[in-house]
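Here the structure comes first, spelled out in structure tokens, and everything after it is commentary.
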Amino acid sequence: MKKLCGYDLNGWWDKAARNWVVLSDGEEKEVPSSIVEGGIFSVVVETGAKADGGLVGGAQASISPHGLGAGWGAIGASEKRTRVTELLNANPPLGHLTAALRGMSSLAGFGVASLDDHSETDELLQERLLSALRKAKISTPLLVWRSVLATIFAIENGAVSEGQIVGVISQAAGGITLQRLRVRRERSHGDTVLAPERKSVGKLITSGWGYSSLALRAWEAVVAASSSDRTEHLIWARAHGRLALGLPVEPEALRKNNGDWEVLTLPASLEFSENSDLPDLRADVEGCDILFFETLAVGQVKDAVHSAVSKSVGREVQTLDANAVAEGALLAARRLSRRDPIYFDFLPQISTIVQRRDAVESFDLVDSEETLPAGEVYRSPKPARLAIQAGQDRFSIFLRKETADFPRKAEVSIGVKVDQTIPVELWVEQSPASGRAKILVHSHKLGYHFQVDWDGATELDQKWDELLEGFQKPAPTIPGRLVLPCGIDAWNDSPRGDGLFTLLKKNADSPVVDWTSLANRLSARPGGKYAISSDGMIPSEVDAASIEMLDRLVERALDEVRKGVKDGGIGTQSIRFLTWQFRRCPTDVSKWLLDAWDREIRGHPVFTHGASWKLAYQGLGRVASNQNIELQAIHKVLGKTVDTWKWQKETAAMAFLLSRSETAPKLLTRKDVDRIAKRVLHEFEEILGSTYTRFQYAPMLLVGLLRWRVVEPFALVDGQDPVADKLVKAVEKTIADLRHRDRAKPLAKYGRILEQVLEELRGEGSNPELLLDIYGGADGGDAD
């Protein structure tokens with residue numbers, strides 16, 4: 001016997017349909033279909049059992065006392081009980097999701113589970129469900145949309161014929177969903193079979209007729225029926241779910257937190273006289289040959305929702321059996337076991353931007369006309385062709401997903417700078433209802449293969465068409481903001497010493513904190529990535545306990561610096577530890593550093609010698625996290641004569657602010673721009689004929705200044721702005737000086753970068769990551 005199972009895991013009324021039953025003697029018997037209940041308003045509970053991590057789902061969990069409240073003693077603790085609806089609305093723990101499935105059935109050769117058919121069904125949840133099915137020991141799992149399963153059920157019952165357009169209206173948490181499917185006939189093993197074809201995402205119509213709204217109304221009825229002024233013991237009342245779904249409700253004894261009991265008697269049904277109508281959906285169902293309504297509700301609730309749906313579409317709607325989706329899933333599992341077509345699905349479009357000879361254009365990676373059989377893997381028939389420019393060790397890819405509101409920008413690092421333009425290919429691989437598409441990049445020349453992480457890519461704040469239009473415009477380029485990335489390597493131990501995880505454990509509860517080791521690790525950049533990014537972000541792999549230890553040490557460092565600002569005698573390592581957390585650093589530190597700048601001449605209790613002032617200036621450039629701090633810093637630096645600026649202090653601080661902040665360039669006036677440009681010219685002139693050891697911040701300051709184009713798009717463009725003309729001459733003069741035979745090393749550092757700086761001055765920048773290249777390739781990192 002091939003064991004087959006169909007799951008309708010929805011959290012409102014879970015059911016599984018399978019093709020076997022277990023007899024009283026333990027033997028298994030094959031049957032056409034057997035429904036296994038998973039519970040109304042189903043839950044997963046945590047028990048003390050050793051098997052399966054103690055997690056239990058299904059009907060057994062619903063009747064257990066675990067998590068029912070303090071009145072049940074230790075087992076009643078609320079954290080021991082989790083609603084399945086919560087698991088399906090988030091990034092669920094795999095163990096809980098597995099328990100919910102296993103609580104109904106497991107150990108099947110082929111298993112199909114349902115998915116809500118609307119745009120809010122998350123791809124990550126799809127991946128989690130597939131993993132949970134495998135953990136429930138389903139050898140061959142598949143996910144199928146509810147609308148498709150309902151249609152397969154109707155096909156099997158002879159209600160649908162070839163060529164028909166079927167409209168499926170499903171009750172959902174937030175309202176109802178509407179989907180149109182075409183029924184096509186496909187050959188299979190010498191015979192033919194009818195299979196639905198899905199061409200778009202189902203439409204979600206938010207309304208008060210969704211399960212969540214019904215649950216809320218039922219909860220209000222539960223509270224109204226209670227004689228207690230407390231509600232904790234009511235939360236898990238079984239009558240809550242039964243009333244919401246229209247099932248018969250009987251008096252129910254509930255145990256209060258103090259151990260007393262209350263008998264709850266509810267009305268026989270919900271009142272629907274004041275429920276709002278659904279919007280007019282006649283245009284949405286136009287062309288449909290037959291309409292089906294799929295709901296878990298029964299009785300008066302089903303009748304009320306059906307009446308609202310019929311009124312909305314203005315025509316007859318056939319109501320399917322409450323088990324239709326579970327039964328449809330079993331039928332789909334049977335087709336899967338026979339390799340018969342189950343359904344055909346479209347894939348959401350994924351597009352990228354490619355450069356043609358005279359323009360950029362959107363390139364679709366999915367054939368919009370093609371539908372794919374369930375379970376098959378789609379691969380782009382024609383890849384997009386991109387290129388890594390010479391001198392780059394990374395490149396950016398712009399991506400659009402049909403199911404996402406905004407496009408994203410992904411960065412791919414290849415680890416080494418290429419000395420020539422390298423072609424790369426981009427394509428996607430995806431299966432219907434199987435989670436996130438794989439977005440793959442391959443370079444034959446380099447022999448490299450990458451997978452682009454959509455979730456890890458940066459979401460842009462403009463629509464795809466606007467992004468494309470921006471590429472078409474002849475407006476001068478604006479250098480990309482410098483974001484110094486974070487990575488887990490700095491947190492892990494290495495042969496060179498303890499990582500941040502270890503240092504946090506050693507110091508979090510130590511009476512004496514080793515601020516120097518902590519600061520040194522935060523300022524280290526293994527693999528080109530800091531422990532914390534310049535935007536103050538922490539790698540996603542870092543656990544909450546480590547973040548909590550870091551936060552405690554931050555508070556201790558703040559206390560020490562606060563004491564030092566008042567009385568001195570603390571050194572600079574604790575404030576160095578704080579500033580290397582970039583914009584994650586508390587705002588108090590920015591205020592202390594600004595105050596220190598004012599006291600530079602007359603003396604400061606923390607910054608007691610010349611070298612420590614480098615930390616005061618560069619530290620503020622790192623941590624300034626709001627416009628008010630940035631504006632004060634800019635005014636204080638510009639309050640000095642630019643000829644008196646020091647390259648590691650004022651120049652570095654201003655370079656950090658303008659290159660890393662979204663807002664700092666917008667705070668400049670044209671007068672400020674001209675004064676900063678004057679300092680740039682001074683730095684370029686002063687470096688000529690030298691060893692270029694004091695040059696690292698000048699290119700960063702210049703390119704950061706060009707980001708003022710966010711305010712004036714055509715500012716500082718060669719041939720259009722006299723200041724730009726002077727800057728071009730200064731850069732060209734420096735490049736010529738670098739070509740002297742005694743300066744081969746600084747030429748290797750700065751030659752390519754300065755050529756790209758000239759491109760930006762001409763408004764034709766080709767390297768969107770120029771500031772990052774200046775920071776890393778020219779040893780232009782923060783030095784303190």
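Assign unit charges at the C-beta atoms only (+1 for Lys and Arg, -1 for Asp and Glu), then state the dipole size of the stretch 346-472 relative to its Cα centre in Debye, rounded to the nearest 20. Working shown, then result.
On the way: 15 positive and 21 negative charges, 99 e Å.
Computed about the Cα centre, the dipole is about 480 debye.
Tell me, how many Å apart are the Cα centres for the stretch 680-754 and for the stretch 89-104?
58
Could you give me D for the stretch 488-777, from Stokes-Einstein at 10 °C and 1.306 mPa s, where the hydrodynamic radius is the Kirkwood radius over C-alpha pairs? Units µm² s⁻¹, please. Display every interim value, and only then the final one.
Details: Rh = 20.2 Å.
Here the translational diffusion coefficient equals 79 µm²/s.
Could you pull out every residue, at least 5 positions away or on a different chain, whose amide H is within less than 5 Å of the one on GLY38? Hs are placed 1.01 Å off N in the peptide plane, and Pro or chain starts have none.
ASP14, LYS15, ALA16
So what's the angle, to the nearest 10 degrees on a 0 to 90 scale, between helix 697-706 and the longest Cα principal axis of the chain?
Helix 697-706 and the main axis of the chain meet at about 60 degrees.
Apply the Karplus curve 6.51 cos²θ - 1.76 cosθ + 1.60, θ = phi - 60°, to the phi angles in the stretch 519-534 and return the couplings in whole Hz, x for Gly and Pro.
3J(HN,Hα) across the stretch 519-534, in whole Hz: 5, 5, 6, 5, 8, 6, 9, x, x, x, 9, 7, 5, 10, 6, 5.
What full-extension length gain, to one decimal in nm, is calculated for HIS609 and ASN628 as 0.36 nm per residue of separation minus the Cα-Cα distance?
Roughly 4.0 nm would be gained on extension.
So what is the 222 nm mean residue ellipticity for the chain from helices alone, if each DSSP H run of at least 4 adds -39500 (n - 2.57) and you divide by all residues, rounding to the nearest 500 deg cm²/dmol?
Details: 24 runs with 273 residues, N = 784.
My calculation for the chain gives -10500 deg cm²/dmol from helical runs alone.
Could you tell me how many cubic angstrom of Cα convex hull volume the chain has per residue? Numbers along the way, then the final one.
Values: hull volume 176.7 nm³, N = 784.
Value for the chain: 225 Å³ per residue.
Taking the stretch 539-644, which GluC sites (Glu not before Pro) meet the DSSP loop condition and have no more than 11 other C-beta atoms within 10 Å?
On the way: sites: GLU541, GLU548, GLU555, GLU560, GLU600, GLU630; in loops: GLU541, GLU600.
Passing sites in the stretch 539-644 are GLU541.
Rounded if a/c is under 1.5, else prolate if a/b beats b/c, else oblate: with a ≥ b ≥ c from the C-alpha gyration tensor eigenvalues square-rooted, which is the stretch 399-471? Intermediate results must be reported in sequence, preceding the final value.
On the way: a/c = 2.27, a/b = 1.32, b/c = 1.73.
It is oblate, given that a/c is not under 1.5 and a/b is not larger than b/c.
Of all DSSP beta bridges in the chain, what percent run antiparallel (nearest 5)?
Details: 77 of 97 bridges.
Once the DSSP bridges in the chain are tallied, antiparallel ones form about 80 percent.
Could you tell me the extents of the stretch 646-784's C-alpha atoms along the three principal axes, largest first, rounded to whole Å?
Principal extents (Cα only, largest first): 41, 36, 25 Å.
So what's the net charge close to TRP464: Lys and Arg +1, Asp and Glu -1, counting the other residues with Cβ under 14 Å from its Cβ? Before the final figure, lay out the partial values.
Values: positive: ARG400, LYS401, ARG408, LYS409, LYS463; negative: GLU361, ASP364, GLU402, ASP405, GLU459, ASP461, ASP465, GLU466, GLU469.
Net charge around TRP464: -4.
What base-10 log of the normalised intensity I(q)/I(0) is obtained for the stretch 163-277 from the Debye formula, alpha carbons as equal point scatterers, at q = 0.13 Å⁻¹?
The Debye formula, applied to the Cα set alone, gives -0.66.
How far is the Cα center of the stretch 229-272 from the Cα center of the stretch 632-679, in Å?
67
Take the Cα coordinates of the stretch 43-127, assign each an equal point scatterer, and use the Debye formula without solvent to give log10 I(q)/I(0) at q = 0.10, 0.17, 0.20 Å⁻¹.
-0.28, -0.74, -0.95
Karplus couplings for the stretch 673-690 from phi (6.51 cos²θ - 1.76 cosθ + 1.60, θ = phi - 60°), rounded to Hz, Gly and Pro as x?
Computed from phi, the couplings for the stretch 673-690 are 4, 5, 5, 5, 4, 4, 5, 4, 4, 4, 5, 5, 5, 5, 7, 4, x, 9 Hz.
Which whole-angstrom value gives the distance between the alpha carbon centres of the stretch 520-588 and the stretch 14-83?
Measuring centre to centre over Cα atoms gives 47 Å.
With a cap of 14 neighbouring Cβ atoms within 10 Å, and only residues DSSP puts in a loop, list the chymotrypsin sites (Phe, Trp or Tyr not before Pro) found in the stretch 688-782. Display every interim value, and only then the final one.
Details: sites: TYR692, PHE695, TYR697, TRP708, PHE714, TYR750, TYR775; in loops: TYR692, PHE695, PHE714.
For chymotrypsin sites (Phe, Trp or Tyr not before Pro) across the stretch 688-782 that sit outside H, G, I, E and B with at most 14 neighbouring Cβ atoms in 10 Å, the list reads PHE714.
Quick query: amide H of ILE388 versus all other amide H atoms, modeled in the peptide plane; which residues come in under 5 Å with a sequence gap of 5 or more or a different chain?
Those qualifying (amide H under 5 Å, at least 5 residues apart or on another chain) are ILE422, VAL424.
Checking the a/c ratio against 1.5 first, then a/b against b/c, what shape does the Cα gyration tensor give for the stretch 218-371? Please list the in-between numbers first.
Working: a/c = 2.23, a/b = 1.99, b/c = 1.12.
Prolate shape, in that a/c is at least 1.5 and a/b is the bigger ratio.
Determine the principal axes of the Cα atoms in the stretch 346-472, then give the extent along each, sorted from largest to smallest and rounded to whole angstroms.
Sorted largest first, the three principal extents are 45, 33, 28 Å.
Of the listed peptides 134-145, 641-652, 100-111, what is their order by residue-averaged count of other C-beta atoms within 10 Å, with the highest listed first?
Numbers: 134-145: 21.9, 641-652: 18.0, 100-111: 23.8.
Order by mean packing, descending: 100-111, 134-145, 641-652.
What are the ³J(HN,Hα) couplings of the stretch 760-775, residue after residue, when phi is run through the Karplus curve with 6.51, -1.76, 1.60 and θ = phi - 60°? Round to Hz, x for glycine and proline.
Rounded to whole hertz, the list is 5, 5, 8, x, 10, x, 10, 10, x, 10, 4, 5, 5, 5, 4, 4.
Assign one of three labels to the stretch 100-204, namely rounded, prolate or oblate, based on the Cα gyration tensor with a ≥ b ≥ c the square roots of its eigenvalues; rounded applies when a/c is under 1.5, prolate when it is not and a/b is larger than b/c, and oblate otherwise.
On the way: a/c = 2.17, a/b = 1.23, b/c = 1.77.
It is oblate, given that a/c is not under 1.5 and a/b is not larger than b/c.
Tilt of helix 299-313 relative to the longest C-alpha principal axis of the chain, in degrees (0 to 90, nearest 10)?
60
So how tilted is helix 324-338 from the main axis of the chain? Cα-based, degrees 0 to 90, rounded to 10.
Orientation of helix 324-338: about 80 degrees from the principal axis.
Return the long-range amide H neighbours of GLY103 (sequence gap of 5 or more, or a different chain), with a cut-off of under 5 Å between placed amide H atoms.
Under 5 Å from the amide H of GLY103: GLY57, GLY58.
How large is log10 of I(q)/I(0) for the stretch 638-724 at q = 0.12, 0.14, 0.16, 0.25 Å⁻¹ when the intensity is taken from the Debye formula with one equal scatterer per alpha-carbon?
At q = 0.12, 0.14, 0.16, 0.25 Å⁻¹ the computed log10 ratios are -0.33, -0.45, -0.59, -1.35.
Show which aspartates and glutamates lie in cross-link reach of LYS2 when reach means a straight Cα distance below 12 angstrom and same-chain residues fewer than eight apart are skipped.
GLU28, GLU30
Laboratory data are not the source of any read-out in this text; all were calculated from the coordinates shown. Computed from a prediction, not measured in an experiment: that's the story for all the values here. When we count neighbours, we look across all protein chains shown, and the Cβ atoms used for this are built from the backbone with ideal geometry, even at glycine.
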